[in-house]
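The values are calculated or read from the model by the stated rules, or taken from the named source; none is laboratory data. Computed from a predicted model, the values in this text were never measured in an experiment. Note that each Cβ is placed from the backbone with ideal geometry, even for glycine, and that neighbours are counted across all protein chains shown. What goes into the accessible areas is simple: the full protein's heavy atoms, side chains included, and nothing from ligands, DNA or RNA. Shrake-Rupley method; radii C 1.70, N 1.55, O 1.52, S 1.80 Å.
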Amino acid sequence: MRILASYNIKGGVGKTAAAVNLAHVAADRGHRVLVIDLDPQGAASFYFRVKPKVKGGGKGLVGGKRDLDDLIKETDYESLDLIPADFRYRNLDLMLEAEKKSTSRLRKLLRPLSADYDVVILDCPPSVSLVSEAVFEAADALVIPLIPTTLSLRTYEQLEEFRMEQKIKKLKLLPFFSMVDRRKALHREILETFPKSHTNTLGVPIPYASAVERMGVERQPLTAFAPRTAVAGAYRALWDAVDAATG
Ligand SMILES: Nc1ncnc2c1ncn2[C@@H]1O[C@H](COP(=O)(O)OP(=O)(O)OP(=O)(O)O)[C@@H](O)[C@H]1O
Ligand SMILES: [Mg+2]
């Protein structure tokens, strides 16, 4: 079982879009996939039309008293399940703090899922918090959307530094470019130069495309309602790159 987290310190960079579409593509490719919506805003749950409620709130997830199985919901797609967000996740940090060895708790909790799932995708809220530390310990790889701007790249460097400090070097960082507009010279320039100094960069940029925004209207993965668009093709290629880097 591979545990992947769609993560960036920054908000609004395409984490949820990546989590939802990569999950759909992975399931379509024959993997048994579970998405865990860790963001109290519940965007991934919304896109999959799953009601964002977990009994017991975040406590159900980290307390571990409740069997994780009870929290799992089916989606409309074969081999694709979801643990929805709960608004009370906003207290997840406090609850993790109250737990002993809190940050390893999530990893332990996910372990039994390996009988039922090949791929777990965590859709993370933006920030560095105890939740993200728990995610860093639980995940095999972070899939990191980067908008090709200087500030965006800076937050990526900060994440690399944080990873070194925390001695979580076994955690793979898999950055990819998100919301790319090739008409912008800066975007073209960064796409050219950044991968030279960061060879772990996935070679599949996701273009800026209004079809992605329509996910909120359709409430489906883009790869489900607009499979023939170029951006859907990009998400499929991105999954193949993630698959190859983590398989
Ligand atoms: N490739 C893209 N092209 C155009 N719009 C996009 C693209 N990717 C994401 N968006 C839009 O940008 C907004 C933010 O995307 P998304 O919710 O995936 O980001 P996020 O990093 O998960 O945000 P948050 O930090 O709030 O969780 C959404 O309205 C989404 O529809
Ligand atoms: Mg999100």
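Whose amide H sits under 5 Å from the amide H of residue 35, counting only residues 5 or more places off or on another chain, with H placed in the peptide plane?
Correct list: 81, 82, 83, 121.
With a cut-off of at most 12 other beta carbons within 10 Å, and DSSP calling the residue loop, which trypsin sites (Lys or Arg not before Pro) in region 173-220 qualify? Please list them.
Working: sites: 182, 183, 184, 188, 196, 214, 219; in loops: 182, 183, 184, 214, 219.
Hits after loop and neighbour filter: 182, 183.
R0 = 35 Å: FRET efficiency of residue 115 with residue 189, Cβ-based, nearest 0.05? Please report the intermediate quantities before stating the final value.
Numbers: r = 47 Å, r/R0 = 1.34.
Here the calculated transfer efficiency is 0.15.
Which aspartates and glutamates have a Cα lying under 15 Å from the Cα of residue 184, excluding residues fewer than 8 positions away in the same chain?
Cα-Cα hits under 15 Å: 192.
Rolling a 1.4 angstrom probe over the protein heavy atoms, how many square angstrom per residue are accessible across the chain? Write out the running numbers ahead of the final one.
On the way: 11570 Å² over 247 residues.
It amounts to 47 Å² per residue over the chain.
Among 15/196; 108/196; 51/167; 73/170; 10/172, which pairs are too far apart, with a Cα-Cα distance over 29 Å?
Details: 15/196 23 Å; 108/196 36 Å; 51/167 37 Å; 73/170 31 Å; 10/172 18 Å.
Correct reply: 108/196; 51/167; 73/170.
From the phi angles alone, apply the Karplus equation (6.51, -1.76, 1.60; θ = phi - 60°) to region 37-44 and give each ³J(HN,Hα) in whole Hz, x where the residue is Gly or Pro.
For region 37-44, the Karplus curve yields 8, 8, 9, x, 5, x, 5, 5 Hz.
If you roll a 1.4 Å probe over region 201-247 with all protein chains in place, what percent of the accessible area is carbon or sulfur?
Details: 1100 of 2110 Å².
The value for region 201-247 is 52 percent carbon and sulfur by accessible area.
Per residue of region 209-215, in order, report the coupling 6.51 cos²θ - 1.76 cosθ + 1.60 (Karplus, θ = phi - 60°) as ³J(HN,Hα) in whole Hz, putting x for Gly and Pro.
Result, ordered by residue: 8, 5, 4, 5, 5, 5, 4 Hz.
On a full-extension model of 0.36 nm per residue, what is the gain between residue 140 and residue 72, subtracting their alpha-carbon distance, rounded to one decimal in nm?
22.4 nm
Amide H to amide H under 5 Å from residue 147: which residues, 5+ apart in sequence or cross-chain, H placed 1.01 Å off N in plane?
178
Going from most exposed to least, what order do 199, 229, 75, 193 have by accessible area with a 1.4 Å probe?
Per-residue accessible area, sorted high to low, gives 199, 193, 229, 75.
Given a Förster distance of 51 angstrom, what is the FRET efficiency for residue 169 paired with residue 217, based on the Cβ-Cβ distance and rounded to 0.05? Can you show the working numbers first?
On the way: r = 42 Å, r/R0 = 0.82.
That pair, residue 169 with residue 217, gives E of 0.75.
Please list 3J(HN,Hα) in residue order for region 226-234, calculated via the Karplus relation 6.51 cos²θ - 1.76 cosθ + 1.60 where θ = phi - 60°; whole Hz, with x for glycine and proline.
These are the phi-based 3J(HN,Hα) values: 9, x, 8, 6, 4, 5, 5, x, 5 Hz.
Using 5 Å bins from zero, what percent of all Cα-Cα pairs in region 2-246 falls into each bin?
Going from the shortest bin to the longest, the percentages are 1, 6, 15, 19, 21, 17, 12, 6, 2, 1, 0.
Looking at the chain as a GNM with Cα springs under 10 Å, which of 148, 112, 126 has the largest mean-square fluctuation?
112
Where both partners of a DSSP beta bridge lie in the chain, what percent of those bridges are antiparallel, to the nearest 5? Could the numbers behind the result be given before it?
Working: 2 of 26 bridges.
The answer is about 10 percent antiparallel.
Against the longest alpha carbon principal axis of the chain, how many degrees, from 0 to 90 and to the nearest 10, is the axis of helix 150-165 turned?
Approximately 50 degrees, to the nearest ten.
For residue 141, what residues show an amide H to amide H distance below 5 Å, using hydrogens built from the backbone and excluding near sequence neighbours?
Under 5 Å from the amide H of residue 141: 3, 5, 172.
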